[in-house]
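Each remark here refers to the structure printed beneath this line.
The values are calculated or read from the model by the stated rules, or taken from the named source; none is laboratory data. The shown structure was predicted, so the numbers you read here are calculated from the model rather than taken from an experiment. A quick note on method: Cβ atoms are made from the backbone with ideal geometry, for glycine too, and the neighbour counts reach across all protein chains shown.
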């Protein structure tokens, strides 16, 4: 199915914290991030797509159980990873316990964005859960924290079963419209869409 910008809209309200807490109450790793082949492949493609050999400071919102956080730690001097669910934070902290340069904490986004700036921001499977207003706040907040010349890697699921839904296609089309960002890498397949944008 051919997609066009604006062919689906963000949810009327951002998904609630209770929604995500419920997912973790039902299952330790709700999306099987640590075991599912499609996610292992997605993370490998994401890491291979990072243009920089090394980054000074990385921000990873929506880190879930910390699988990608561990990989990012190998390329970054500091990783600031957050999730809104305490159980996810506990698991991510355990996964990164041997990595003192990784800080994992709980944060509700977009209200609780971090202080400081970053030369790398990695957003995975997060933005399509936000309402239009919250998505705008989140994008504005990320851009304000991304240093000039810094990279924003965004990777989001493509909903093959519901091809008209608001998914990675729509989120990335929105990011690609931003004049402050230059798209330097693009990958799209049946499972996900990945872009690396550089702040001008």
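Numbers at a glance
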read-out: Options 114, 51, 148: the member that is closer than 30 Å to residue 179 by Cβ, part of a strand (DSSP E or B) and touching a strand residue (DSSP E or B) at 6+ places or on another chain (Cβ under 7 Å); value: 148
read-out: The listed residue being under 14 Å from residue 197 (Cα atoms) and either assigned to a helix (DSSP H, G or I) or modelled with pLDDT of 95 or more (or both), out of 108, 153; value: 153
read-out: The stretch 56-74, residues that are surrounded by fewer than 21 Cβ atoms within 10 Å (Cβ to Cβ), touching a helix residue (DSSP H, G or I) at 6+ places or on another chain (Cβ under 8 Å) and in contact (Cβ under 8 Å) with a residue 40 or more places away in the chain; value: none
read-out: Unique residue being more than 20 Å from residue 194 (Cα to Cα) and either at pLDDT below 95 or not in a loop (DSSP other than H, G, I, E, B) (or both) when the list is 91, 5; value: 91
read-out: Positions within the stretch 176-195 being within 15 Å of the chain's Cα centre (by Cα) and either over 15 Å from residue 124 (Cβ atoms) or touching a residue at least 40 places away in the same chain (Cβ under 8 Å) (or both), in sequence order; value: 192, 194, 195
